[in-house]
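Peer 1: One structure, as structure tokens, below. Some questions next.
The values are calculated or read from the model by the stated rules, or taken from the named source; none is laboratory data. Owing to the predicted nature of the structure, the values given are computational and were not obtained by experimental measurement. Here the Cβ positions follow ideal geometry from the backbone for every residue, glycine too, while neighbour counts run over all protein chains shown. What goes into the accessible areas is simple: the full protein's heavy atoms, side chains included, and nothing from ligands, DNA or RNA. Shrake-Rupley method; radii C 1.70, N 1.55, O 1.52, S 1.80 Å.
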Amino acid sequence: MRRSSLLVLLMLVVLAIAGVSQTINIWIGGQVAELDETWDMIIGKFEKETGQKVEVQLFGFDIYYDKLLTALQAGQGPDLAFADLGGWVPTFAEKGWLEPMGALLDSWDGVEQIWPNLWPTVIYNGERYGLPWYTDCRLLLYNQTMFDSAGLDRNDPPETWEELVYQATKLTDASKRVYGYGVSGTKTEHTSLAFIIFLYGAGGQLLTDDYSAAAFNTPEGLRALKFYTDLALTYGVSPNAVTYNEDDYRNMMAQNRVAMAIGGPWSFPLIETANPAIVNNYTVSLHPYGSTPASVLGGWALVIPSVSKNKENAWELAKYLTSFETWMTWIEAKGGPMPTRKDVCYAAPVLQDSKWQVIFETFPFAVSRPPIPQYPQVSEQIQIMIQNVLLGNATPEEAIKTAEANVNAILAK
Amino acid sequence: MSTLNREEKSALKMVLPYVILTVLLFVFLLGSNLFNSFTDKNGNWTLQNYIDNFTDPVVGRTLLNTIVWVVGSVSGQLLLGLFVALLLNESTKGQIIFRSIILILPWAVLDIVAGVMWKWMYNDMYGVLNDVLVKMHIIRDYIPWLATENMAMLSVIIANIWKGFCLSGMFFLAGLQTIPIDLYEAAEIDGANSFKRFWTITVPQLKPVIMTTLMLTTIWTINYFPLIYTMTGGGPGYGTETIVTYIYKLGFKFMEFNRSASLSNVLFVIIFFIAFLFLRSIAKEEAR
């Protein structure tokens, strides 16, 4: 009697394990946990339509990279995962951790709806390894109340670097710790992103077209580095740059302490949470530029780890998530982020608001970060270069030369 | 085996599977770290990872930073710990409450929480530390605590002293309470003043405890990672980059697992050597 009941129990356990392995595991990173309910709704619909079981795990941005990296390195991981468009996809693909998606994408009717400047971010050695899911580009986020009180036109943000300095100086009152523009100078990705905007805005370029060498030690690059650091050092329109980045500035902006900083569509809910009274008193515009309009794009792609045992269903889920209908439902519920599908951008009523129109106009100017596995190290050299100038350890000329040499050494390996 | 009695034998059998598992896991991890450190990305045998450690200028800088970080933190923790332990040793009433509040509290705060808390306290726009100092007229303008390399190092050391002095204090307090009171009474009768009593009775009696605490806190501080990582991330520049934050960065940010493994092995040898020196001197002390 006891033995037979044990047997039944064992069978149940085996069934349960078999059942579990049939579910699709999806890891979502970079999304704040408050989006949980929307995910439940979207995924619930998929489960009902297909009869598949989906296990969703949400991770905060801070831990997600380590978590995903450790899992993939150990030969484990989900069936479908989010990967940052800032170089994760080629990095993981180089290690052989991702399933090629080219053939699958060719069989899908949504490809031409994806913004074309997103594809380079998911390509490694000519093969596509991801499906961009949501995107964004960096713009100038500014506080209109502060523009009013400084006697500036709240609908006429700076367009060029000269105007930026002029307006930022008017907005700054250092004795009250109120500043015109926030220069990101922390040793984080924010600093590299900001530099890329200034670099391309001066007509420069980060790496050569084939990503084999540094291309920023040019008169344009030096001009960008000088201007960017001068905002903090010479013009004094920024809080202490090495300790802050755009996330800090967004919070200071919510409290009328910093008037302008780099931001993007993701900033809207965050700044409104920080200070509900700021609604209608902040907006975005194209970031001021030196000679050509510029922006950096970011976002997340869906990737299928090569260890997944459920790849077909994972692809079905990826298609479902990236479909026109799902995106329209999502936008209606959440109002953002920016879809990678052009048709949704143009069709969703919420996205017809003026802030979003600025974003769609800017997006074609947006460049991606070099989609190469060495990007994190290149990025660190950029951060070190800017910090060295901000800390007075080196002149811009010296710093840019050192950074060029170091980046070339990294890329030559 | 023959010296074990029956109970001990059966106890040994019970724990053996777990001991074996733990040891195997330990051996496997150590072994794979060694293996990784001597291979390149394609799995070929190489010494390049170790050579890189000696040619990379950042490693030298982190080594120097680690020394400053350890000397500053450990001396601060030990001195403050000793001071607090001496104070607490005097009071007998309500000792448990004092001990738990003063000593355990900073130590029990989670590393990440402590890091974020100190980061905000040091903030040069809103920071409470600047605010208090200005209101006390000690400084005139807000100090950007984490904005230059040297100040940032000083700031993380201060935070680490706060975080760690409690543990040294606990050890010292336990040590102080083992010193027989008759020693002090005898010295008092002989006319020794309180400073002399401290110097000739407390310090020698406490020496074994001090040595052990010094060894443990030194090793812990070398390996201590979360506080620096949350407060400065190793910056500004390489100002607060210690060996462990650099090992982490090499592995998890740059995905150079092999170099990361080799540097952590170098660190292991350094720590092993430090521990060896301490243990030898402690053993000598005991033999005397």
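Peer 1: State which residue is surrounded by the most Cβ atoms within 10 Å (Cβ to Cβ) when the search covers only region A:253-285 and only residues that are within 17 Å of the chain's Cα centre (by Cα) and modelled with pLDDT of 95 or more.
Peer 2: A:261
Peer 1: So, in region A:42-83, how many residues would count as being among the aliphatic types (A, V, I, L, M), surrounded by fewer than 13 Cβ atoms within 10 Å (Cβ to Cβ) and over 19 Å from the mean Cα position of the chain (by Cα)?
Peer 2: Residues in region A:42-83 being among the aliphatic types (A, V, I, L, M), surrounded by fewer than 13 Cβ atoms within 10 Å (Cβ to Cβ) and over 19 Å from the mean Cα position of the chain (by Cα): 1 in total.
Peer 1: Considering only region B:61-84, I want to know if a residue exists there that is under 22 Å from residue B:228 (Cα atoms) and touching a Cys at 6+ places or on another chain (Cβ under 6 Å).
Peer 2: Scanning region B:61-84 turns up no residue that is under 22 Å from residue B:228 (Cα atoms) and touching a Cys at 6+ places or on another chain (Cβ under 6 Å).
Peer 1: Being out of contact with any helix residue (DSSP H, G or I) (no Cβ under 7 Å at 6 or more places or on another chain), open to solvent by 20 Å² or more (accessible area, probe 1.4 Å) and assigned to a helix (DSSP H, G or I) narrows it down to one of A:406, A:388, A:313, so name that one.
Peer 2: A:313
Peer 1: Out of A:215, A:241, A:232, report the one residue that is more than 12 Å from every other protein chain (Cβ to nearest Cβ), among the aliphatic types (A, V, I, L, M) and either open to solvent by 10 Å² or more (accessible area, probe 1.4 Å) or under 21 Å from residue A:290 (Cβ atoms) (or both).
Peer 2: Going through A:215, A:241, A:232 in turn, the sole match is A:215.
Peer 1: Still on this model: All but one of (1) touching a Ser or Thr at 6+ places or on another chain (Cβ under 8 Å); (2) of a type in the set (Gly, Ala, Ser); (3) away from chain B (no Cβ under 14 Å) hold for residue A:379, so report the exception by its number.
Peer 2: Going through (1) touching a Ser or Thr at 6+ places or on another chain (Cβ under 8 Å); (2) of a type in the set (Gly, Ala, Ser); (3) away from chain B (no Cβ under 14 Å) one by one, residue A:379 breaks only (3).
Peer 1: Further, regarding this structure: Would you confirm, using the coordinates I've provided, whether residue B:160 is surrounded by 21 or more Cβ atoms within 10 Å (Cβ to Cβ) and in contact (Cβ under 8 Å) with a residue 12 or more places away in the chain?
Peer 2: The answer is yes for residue B:160.
Peer 1: Out of B:198, B:225, report the one residue that is surrounded by fewer than 18 Cβ atoms within 10 Å (Cβ to Cβ), under 18 Å from the mean Cα position of the chain (by Cα) and not β-branched (Val, Ile, Thr).
Peer 2: B:225
Peer 1: Would you confirm whether or not region B:44-51 contains a residue that is modelled with pLDDT of 90 or more, open to solvent by less than 80 Å² (accessible area, probe 1.4 Å) and closer than 30 Å to residue B:239 by Cβ?
Peer 2: yes
Peer 1: I've got another one for you. Quick one: residue A:120 ticks every box in (1) out of contact with any Pro (no Cβ under 8 Å at 6 or more places or on another chain); (2) closer than 27 Å to residue A:335 by Cα except a single one, so which number is it?
Peer 2: The single condition residue A:120 does not satisfy is (1).
Peer 1: While we're looking at this one, here's another question. Just name the residue that is farthest from the other protein chains (Cβ to nearest Cβ) out of those in region B:239-288 that are under 30 Å from residue A:184 (Cα atoms) and open to solvent by 40 Å² or more (accessible area, probe 1.4 Å).
Peer 2: Among them, the one singled out is B:248.
Peer 1: Please find, among A:351, A:321, the residue that is more than 16 Å from the chain's Cα centre (by Cα), within 30 Å of residue A:125 (Cβ to Cβ) and not aromatic (Phe, Trp, Tyr).
Peer 2: A:321
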